[in-house]
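The values are calculated or read from the model by the stated rules, or taken from the named source; none is laboratory data. Keep in mind it's a predicted model, so treat the numbers as computed, not measured. Using ideal geometry, Cβ is built from the backbone for each residue, glycine included, and neighbour counts are taken over all protein chains shown. Accessible surface areas use protein heavy atoms only, side chains included; no ligands, DNA or RNA. Shrake-Rupley method; radii C 1.70, N 1.55, O 1.52, S 1.80 Å.
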Amino acid sequence: LGPGYLADDGPESKGAVGMNQMNPLLYMVGAACLFSFTEITLKILNGSLNCLEVNFSRYILAGIILLPLALLDLRKRQVRLNRTHFLWFQLLGFIGIALVGPAYQLASCLLQANVTSILFSLNPMFIAIMAMVVLCEPLSHHQWAALLFDIGAVFVLVNPMQMTMDPIGLLLLFFTIFCYSFYAVIGKKMIDELGSAMATAGSFLAGGVQLFLLACCTHIPAVAAWLVQMGLPDFAEVSLFGGYTVENIGWVLLLVFGVTLGGYIFWFKAMETGSTFIGRLTYFIKPALSPFMALIFLNEAITGRILLGVFLLLIGAAVSLNKDKPQPALD
(Lines give C-alpha, C1' and ligand atoms only; values in the text may rest on other atoms or scores of the structure.)
Protein backbone atom coordinates (compact mmCIF):
# COMPACT_ATOMS: atom_id res chain seq x y z
CA LEU A 1 0.00 0.00 0.00
CA GLY A 2 1.53 3.25 -1.12
CA PRO A 3 0.99 6.79 0.10
CA GLY A 4 -1.32 7.68 -2.78
CA TYR A 5 -4.36 8.55 -0.71
CA LEU A 6 -2.79 11.94 0.03
CA ALA A 7 -3.50 13.00 -3.53
CA ASP A 8 -6.18 15.63 -4.05
CA ASP A 9 -9.75 14.40 -4.02
CA GLY A 10 -11.64 14.22 -7.28
CA PRO A 11 -15.05 15.79 -7.82
CA GLU A 12 -16.75 12.55 -6.77
CA SER A 13 -15.58 13.03 -3.21
CA LYS A 14 -17.73 16.10 -2.76
CA GLY A 15 -21.04 14.31 -3.07
CA ALA A 16 -22.76 11.04 -2.45
CA VAL A 17 -21.50 7.90 -4.14
CA GLY A 18 -23.69 7.20 -7.16
CA MET A 19 -24.44 4.14 -9.25
CA ASN A 20 -21.76 5.13 -11.78
CA GLN A 21 -19.18 4.45 -9.05
CA MET A 22 -20.06 0.78 -8.61
CA ASN A 23 -16.76 -0.39 -10.13
CA PRO A 24 -14.63 1.81 -7.84
CA LEU A 25 -16.60 0.52 -4.87
CA LEU A 26 -15.98 -3.08 -5.92
CA TYR A 27 -12.27 -2.34 -6.28
CA MET A 28 -12.28 -0.72 -2.83
CA VAL A 29 -14.03 -3.70 -1.21
CA GLY A 30 -11.55 -6.05 -2.91
CA ALA A 31 -8.64 -4.03 -1.55
CA ALA A 32 -10.10 -4.03 1.97
CA CYS A 33 -10.64 -7.80 1.87
CA LEU A 34 -7.08 -8.48 0.71
CA PHE A 35 -5.55 -6.03 3.19
CA SER A 36 -7.46 -7.79 5.97
CA PHE A 37 -5.19 -10.81 5.43
CA THR A 38 -2.03 -8.79 6.20
CA GLU A 39 -1.70 -9.53 9.90
CA ILE A 40 -2.96 -13.10 9.48
CA THR A 41 -0.37 -14.06 6.87
CA LEU A 42 2.46 -12.33 8.75
CA LYS A 43 1.57 -14.12 11.97
CA ILE A 44 1.27 -17.54 10.32
CA LEU A 45 4.53 -17.17 8.37
CA ASN A 46 6.50 -15.92 11.37
CA GLY A 47 7.06 -19.45 12.64
CA SER A 48 8.84 -20.61 9.48
CA LEU A 49 10.22 -17.45 7.82
CA ASN A 50 12.28 -14.67 9.36
CA CYS A 51 10.63 -11.25 9.19
CA LEU A 52 13.53 -9.85 7.13
CA GLU A 53 13.24 -12.66 4.58
CA VAL A 54 9.47 -12.39 4.29
CA ASN A 55 9.51 -8.65 3.74
CA PHE A 56 12.41 -8.33 1.31
CA SER A 57 10.90 -11.16 -0.76
CA ARG A 58 7.42 -9.73 -0.97
CA TYR A 59 8.38 -6.12 -1.61
CA ILE A 60 10.99 -6.89 -4.26
CA LEU A 61 8.60 -9.22 -6.11
CA ALA A 62 5.67 -6.81 -5.82
CA GLY A 63 7.86 -3.91 -6.95
CA ILE A 64 9.11 -5.81 -10.00
CA ILE A 65 5.59 -6.81 -11.04
CA LEU A 66 4.25 -3.30 -10.45
CA LEU A 67 7.12 -1.62 -12.33
CA PRO A 68 5.71 -1.98 -15.91
CA LEU A 69 2.45 -0.29 -14.86
CA ALA A 70 4.46 2.43 -13.12
CA LEU A 71 6.68 3.05 -16.16
CA LEU A 72 3.63 3.22 -18.44
CA ASP A 73 2.05 5.83 -16.16
CA LEU A 74 5.37 7.70 -16.07
CA ARG A 75 5.48 7.82 -19.88
CA LYS A 76 1.97 9.28 -19.95
CA ARG A 77 3.13 11.99 -17.57
CA GLN A 78 6.16 12.65 -19.81
CA VAL A 79 8.51 12.57 -16.83
CA ARG A 80 12.01 11.06 -16.78
CA LEU A 81 13.59 9.68 -13.63
CA ASN A 82 16.73 11.38 -12.36
CA ARG A 83 19.22 10.99 -9.52
CA THR A 84 17.05 12.98 -7.11
CA HIS A 85 14.12 10.61 -7.70
CA PHE A 86 16.26 7.58 -6.89
CA LEU A 87 17.47 9.22 -3.68
CA TRP A 88 13.85 9.84 -2.69
CA PHE A 89 13.04 6.19 -3.45
CA GLN A 90 15.80 5.17 -1.05
CA LEU A 91 14.43 7.42 1.69
CA LEU A 92 10.84 6.27 1.16
CA GLY A 93 11.94 2.64 0.99
CA PHE A 94 13.91 2.93 4.22
CA ILE A 95 11.10 4.57 6.21
CA GLY A 96 8.04 2.87 4.73
CA ILE A 97 9.43 -0.59 3.90
CA ALA A 98 12.71 -1.41 5.64
CA LEU A 99 11.54 -0.04 9.00
CA VAL A 100 7.79 -0.68 8.81
CA GLY A 101 7.79 -4.18 7.26
CA PRO A 102 9.75 -6.17 9.89
CA ALA A 103 8.53 -4.06 12.82
CA TYR A 104 4.89 -4.52 11.83
CA GLN A 105 5.33 -8.27 11.47
CA LEU A 106 6.90 -8.49 14.93
CA ALA A 107 4.06 -6.39 16.37
CA SER A 108 1.48 -8.67 14.72
CA CYS A 109 3.13 -11.70 16.34
CA LEU A 110 3.41 -10.16 19.81
CA LEU A 111 -0.16 -8.84 19.78
CA GLN A 112 -3.46 -10.28 18.60
CA ALA A 113 -3.78 -9.92 14.85
CA ASN A 114 -7.25 -8.39 15.15
CA VAL A 115 -6.10 -5.67 17.58
CA THR A 116 -3.02 -4.95 15.46
CA SER A 117 -5.13 -4.53 12.34
CA ILE A 118 -7.71 -2.32 14.05
CA LEU A 119 -5.11 0.00 15.57
CA PHE A 120 -3.16 0.20 12.30
CA SER A 121 -6.36 1.47 10.67
CA LEU A 122 -5.76 4.69 12.61
CA ASN A 123 -3.26 5.55 9.87
CA PRO A 124 -5.45 8.08 8.01
CA MET A 125 -5.78 10.23 11.13
CA PHE A 126 -2.07 9.93 11.94
CA ILE A 127 -1.32 10.95 8.35
CA ALA A 128 -3.64 13.96 8.66
CA ILE A 129 -1.84 15.04 11.85
CA MET A 130 1.56 14.47 10.24
CA ALA A 131 0.49 16.49 7.20
CA MET A 132 -0.59 19.29 9.51
CA VAL A 133 2.86 19.34 11.14
CA VAL A 134 5.06 18.72 8.07
CA LEU A 135 3.02 20.17 5.21
CA CYS A 136 1.10 22.80 7.22
CA GLU A 137 -2.20 21.34 6.03
CA PRO A 138 -4.83 22.29 8.65
CA LEU A 139 -7.17 19.69 10.14
CA SER A 140 -10.85 20.21 9.41
CA HIS A 141 -13.46 20.33 12.17
CA HIS A 142 -14.56 16.84 11.13
CA GLN A 143 -11.00 15.53 11.44
CA TRP A 144 -10.63 16.98 14.93
CA ALA A 145 -13.91 15.33 15.94
CA ALA A 146 -12.79 12.02 14.39
CA LEU A 147 -9.54 12.24 16.34
CA LEU A 148 -11.50 12.17 19.61
CA PHE A 149 -13.28 8.96 18.56
CA ASP A 150 -9.95 7.43 17.50
CA ILE A 151 -8.37 8.27 20.87
CA GLY A 152 -11.37 6.67 22.57
CA ALA A 153 -10.91 3.54 20.45
CA VAL A 154 -7.23 3.32 21.44
CA PHE A 155 -8.04 3.62 25.15
CA VAL A 156 -10.75 0.96 24.86
CA LEU A 157 -8.52 -1.50 22.99
CA VAL A 158 -5.27 -0.89 24.89
CA ASN A 159 -6.87 -0.18 28.31
CA PRO A 160 -3.83 1.46 29.94
CA MET A 161 -5.39 1.13 33.41
CA GLN A 162 -5.30 -2.68 33.12
CA MET A 163 -2.50 -3.31 30.61
CA THR A 164 -2.61 -6.90 29.35
CA MET A 165 -0.93 -6.44 25.97
CA ASP A 166 2.75 -6.95 25.30
CA PRO A 167 4.35 -3.48 25.77
CA ILE A 168 7.08 -4.26 23.20
CA GLY A 169 4.40 -5.22 20.69
CA LEU A 170 2.50 -1.97 21.32
CA LEU A 171 5.70 0.06 21.03
CA LEU A 172 6.52 -1.61 17.70
CA LEU A 173 2.96 -1.09 16.46
CA PHE A 174 2.86 2.64 17.18
CA PHE A 175 6.38 2.94 15.78
CA THR A 176 5.16 1.45 12.49
CA ILE A 177 2.09 3.72 12.45
CA PHE A 178 4.32 6.76 12.96
CA CYS A 179 6.83 5.65 10.29
CA TYR A 180 4.14 4.74 7.78
CA SER A 181 2.37 8.06 8.29
CA PHE A 182 5.67 9.88 7.75
CA TYR A 183 6.25 7.74 4.64
CA ALA A 184 2.86 8.75 3.26
CA VAL A 185 3.35 12.44 3.96
CA ILE A 186 6.85 12.80 2.51
CA GLY A 187 5.79 10.62 -0.41
CA LYS A 188 3.14 13.14 -1.44
CA LYS A 189 5.68 15.20 -3.39
CA MET A 190 6.77 12.10 -5.32
CA ILE A 191 3.17 11.15 -6.08
CA ASP A 192 2.33 14.59 -7.39
CA GLU A 193 5.25 14.39 -9.82
CA LEU A 194 5.62 10.68 -10.66
CA GLY A 195 2.22 9.22 -9.82
CA SER A 196 1.18 6.76 -7.13
CA ALA A 197 2.28 3.66 -9.07
CA MET A 198 5.85 4.84 -9.64
CA ALA A 199 6.28 6.20 -6.12
CA THR A 200 5.09 2.92 -4.65
CA ALA A 201 7.03 0.64 -7.02
CA GLY A 202 10.20 2.66 -6.45
CA SER A 203 9.87 2.57 -2.67
CA PHE A 204 8.98 -1.16 -2.74
CA LEU A 205 12.12 -2.00 -4.71
CA ALA A 206 14.40 0.31 -2.72
CA GLY A 207 13.12 -0.93 0.63
CA GLY A 208 13.18 -4.57 -0.45
CA VAL A 209 16.80 -4.31 -1.60
CA GLN A 210 17.74 -2.59 1.67
CA LEU A 211 16.23 -5.45 3.66
CA PHE A 212 18.01 -7.98 1.45
CA LEU A 213 21.36 -6.28 2.06
CA LEU A 214 20.62 -6.19 5.78
CA ALA A 215 19.88 -9.93 5.73
CA CYS A 216 23.17 -10.49 3.89
CA CYS A 217 25.02 -8.57 6.62
CA THR A 218 23.76 -11.03 9.23
CA HIS A 219 25.94 -13.69 7.56
CA ILE A 220 29.13 -11.77 8.43
CA PRO A 221 30.64 -13.85 11.28
CA ALA A 222 31.31 -10.85 13.56
CA VAL A 223 27.78 -9.50 13.05
CA ALA A 224 26.18 -12.92 13.60
CA ALA A 225 28.18 -13.43 16.81
CA TRP A 226 27.16 -9.98 18.07
CA LEU A 227 23.48 -10.68 17.40
CA VAL A 228 23.68 -13.96 19.31
CA GLN A 229 25.43 -12.19 22.17
CA MET A 230 22.67 -9.55 22.24
CA GLY A 231 20.05 -12.29 22.60
CA LEU A 232 18.84 -12.09 19.00
CA PRO A 233 19.83 -15.48 17.57
CA ASP A 234 16.85 -15.49 15.19
CA PHE A 235 18.42 -12.53 13.34
CA ALA A 236 21.85 -14.14 13.00
CA GLU A 237 22.50 -15.67 9.57
CA VAL A 238 19.02 -14.92 8.27
CA SER A 239 18.02 -17.31 5.52
CA LEU A 240 17.96 -15.55 2.16
CA PHE A 241 15.89 -17.96 0.10
CA GLY A 242 15.12 -20.82 2.48
CA GLY A 243 12.25 -21.66 4.79
CA TYR A 244 9.69 -21.99 2.00
CA THR A 245 7.76 -25.24 2.32
CA VAL A 246 4.71 -26.90 0.82
CA GLU A 247 2.83 -26.00 4.00
CA ASN A 248 3.52 -22.26 3.89
CA ILE A 249 3.86 -21.53 0.17
CA GLY A 250 0.12 -20.80 -0.14
CA TRP A 251 0.35 -18.13 2.57
CA VAL A 252 3.50 -16.72 0.95
CA LEU A 253 1.71 -16.38 -2.40
CA LEU A 254 -1.28 -14.76 -0.68
CA LEU A 255 1.01 -12.25 1.04
CA VAL A 256 3.00 -11.38 -2.09
CA PHE A 257 0.41 -11.50 -4.86
CA GLY A 258 -2.75 -10.96 -2.81
CA VAL A 259 -2.01 -8.57 0.03
CA THR A 260 1.03 -6.67 -1.26
CA LEU A 261 0.37 -6.60 -5.01
CA GLY A 262 -3.31 -7.39 -5.57
CA GLY A 263 -4.48 -5.26 -2.65
CA TYR A 264 -2.52 -2.27 -3.93
CA ILE A 265 -3.75 -2.69 -7.53
CA PHE A 266 -7.38 -2.89 -6.41
CA TRP A 267 -6.87 0.11 -4.16
CA PHE A 268 -5.13 2.06 -6.94
CA LYS A 269 -7.89 1.21 -9.44
CA ALA A 270 -10.51 2.34 -6.92
CA MET A 271 -8.95 5.80 -6.89
CA GLU A 272 -8.18 5.82 -10.61
CA THR A 273 -11.79 5.06 -11.60
CA GLY A 274 -13.35 6.91 -8.66
CA SER A 275 -11.48 9.22 -6.32
CA THR A 276 -9.21 9.20 -3.28
CA PHE A 277 -12.42 9.44 -1.24
CA ILE A 278 -13.21 5.92 -2.42
CA GLY A 279 -9.66 4.84 -1.61
CA ARG A 280 -9.97 6.08 1.96
CA LEU A 281 -13.13 4.00 2.42
CA THR A 282 -10.79 1.00 2.55
CA TYR A 283 -9.87 2.06 6.08
CA PHE A 284 -13.57 2.15 6.92
CA ILE A 285 -14.08 -1.50 5.98
CA LYS A 286 -10.77 -3.12 7.00
CA PRO A 287 -11.14 -2.71 10.79
CA ALA A 288 -14.63 -4.17 10.60
CA LEU A 289 -13.47 -7.19 8.59
CA SER A 290 -10.21 -7.96 10.41
CA PRO A 291 -11.64 -9.34 13.70
CA PHE A 292 -13.80 -11.84 11.80
CA MET A 293 -10.88 -12.88 9.57
CA ALA A 294 -8.71 -13.40 12.67
CA LEU A 295 -11.50 -15.44 14.27
CA ILE A 296 -11.76 -17.71 11.22
CA PHE A 297 -8.05 -18.24 10.50
CA LEU A 298 -6.39 -17.71 13.90
CA ASN A 299 -9.25 -18.54 16.27
CA GLU A 300 -8.86 -15.16 18.02
CA ALA A 301 -11.94 -14.37 20.07
CA ILE A 302 -14.00 -11.25 19.37
CA THR A 303 -14.55 -9.65 22.75
CA GLY A 304 -16.91 -6.85 23.70
CA ARG A 305 -13.92 -4.53 24.07
CA ILE A 306 -12.85 -5.24 20.49
CA LEU A 307 -16.37 -4.61 19.20
CA LEU A 308 -16.56 -1.31 21.10
CA GLY A 309 -13.14 -0.28 19.78
CA VAL A 310 -14.17 -1.09 16.20
CA PHE A 311 -17.44 0.82 16.68
CA LEU A 312 -15.62 3.96 17.88
CA LEU A 313 -13.07 3.65 15.07
CA LEU A 314 -15.79 3.32 12.44
CA ILE A 315 -17.56 6.40 13.80
CA GLY A 316 -14.28 8.27 13.63
CA ALA A 317 -13.69 7.10 10.06
CA ALA A 318 -17.22 8.10 9.02
CA VAL A 319 -16.83 11.54 10.60
CA SER A 320 -13.41 12.12 9.02
CA LEU A 321 -14.72 11.31 5.54
CA ASN A 322 -17.09 14.28 5.71
CA LYS A 323 -15.99 17.70 4.55
CA ASP A 324 -16.53 20.98 6.32
CA LYS A 325 -18.96 23.22 4.50
CA PRO A 326 -17.27 26.33 3.12
CA GLN A 327 -18.10 29.50 4.97
CA PRO A 328 -20.18 31.98 2.91
CA ALA A 329 -18.24 34.97 1.70
CA LEU A 330 -19.02 38.26 3.40
CA ASP A 331 -20.03 41.17 1.21
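Let me spell it out: the conditions are (1) in contact with a Ser or Thr (Cβ under 6 Å, 6 or more places away or on another chain); (2) surrounded by fewer than 24 Cβ atoms within 10 Å (Cβ to Cβ); (3) not aromatic (Phe, Trp, Tyr), and residue 117 meets all of them except one. Which number is the exception?
Status for residue 117: all satisfied but (2).
How about region 243-274: which of its residues are free of Cβ contacts under 8 Å to residues at least 60 places away in the same chain and in a loop (DSSP other than H, G, I, E, B)?
246
Of everything in region 46-72, what is in contact with a Cys (Cβ under 9 Å, 6 or more places away or on another chain) and either open to solvent by less than 20 Å² (accessible area, probe 1.4 Å) or within 19 Å of residue 203 (Cβ to Cβ) (or both)? Give them in sequence order.
51
Every residue in region 263-290 that is crowded, with 19+ Cβ neighbours inside 10 Å and modelled with pLDDT of 80 or more, please.
263, 266, 290
For residue 100, all conditions in the list (1) part of a helix (DSSP H, G or I); (2) open to solvent by 40 Å² or more (accessible area, probe 1.4 Å) hold save one; what is the number of the exception?
Result: residue 100 passes all but (2).
Determine if region 202-221 includes at least one residue that is of a type outside the set (Gly, Ala, Ser), open to solvent by 20 Å² or more (accessible area, probe 1.4 Å) and not in a helix (DSSP H, G or I).
Checked against the condition, which is being of a type outside the set (Gly, Ala, Ser), open to solvent by 20 Å² or more (accessible area, probe 1.4 Å) and not in a helix (DSSP H, G or I), region 202-221 yields at least one hit.
Six or more apart or on different chains, Cβ under 7 Å: which pairs go from a residue in region 219-233 that's within 14 Å of residue 52 (Cβ to Cβ) to one that's assigned to a loop (DSSP other than H, G, I, E, B)? Could you list them?
Short answer, once both residue conditions are applied: 219/237; 224/218; 224/236; 224/237; 227/218; 227/236.
Checking residue 106 against (1) outside any helix (DSSP H, G or I); (2) in contact with a Cys (Cβ under 7 Å, 6 or more places away or on another chain), which single condition isn't satisfied?
Evaluating residue 106 over (1) outside any helix (DSSP H, G or I); (2) in contact with a Cys (Cβ under 7 Å, 6 or more places away or on another chain) leaves (1) as the failure.
Determine which member of the set 223, 209, 228, 238 is within 25 Å of the chain's Cα centre (by Cα), more than 28 Å from residue 71 (Cβ to Cβ) and not polar (S, T, N, Q).
Every option except 238 fails the conditions.
Answer yes or no as to whether residue 230 is of a type outside the set (D, E, K, R), open to solvent by 70 Å² or more (accessible area, probe 1.4 Å) and at pLDDT below 85.
Spelling it out, residue 230 is indeed of a type outside the set (D, E, K, R), open to solvent by 70 Å² or more (accessible area, probe 1.4 Å) and at pLDDT below 85.
Just give me the residues in region 233-256 being crowded, with 17+ Cβ neighbours inside 10 Å and among the hydrophobic types (A, V, I, L, M, F, W, C), in sequence order.
235, 236, 238, 251, 252, 254, 255, 256
Any residue in region 162-179 that is open to solvent by less than 90 Å² (accessible area, probe 1.4 Å) sitting within a Cβ distance under 7 Å of a residue that is among the β-branched types (Val, Ile, Thr) and modelled with pLDDT of 85 or more? List the pairs, counting only those 6 or more apart or interchain.
So the pair list comes out as 176/100; 179/95; 179/100.
Report yes if residue 89 is buried (at least 18 other Cβ atoms within 10 Å of the Cβ), at pLDDT 85 or above and out of contact with any Leu (no Cβ under 9 Å at 6 or more places or on another chain), otherwise no.
no
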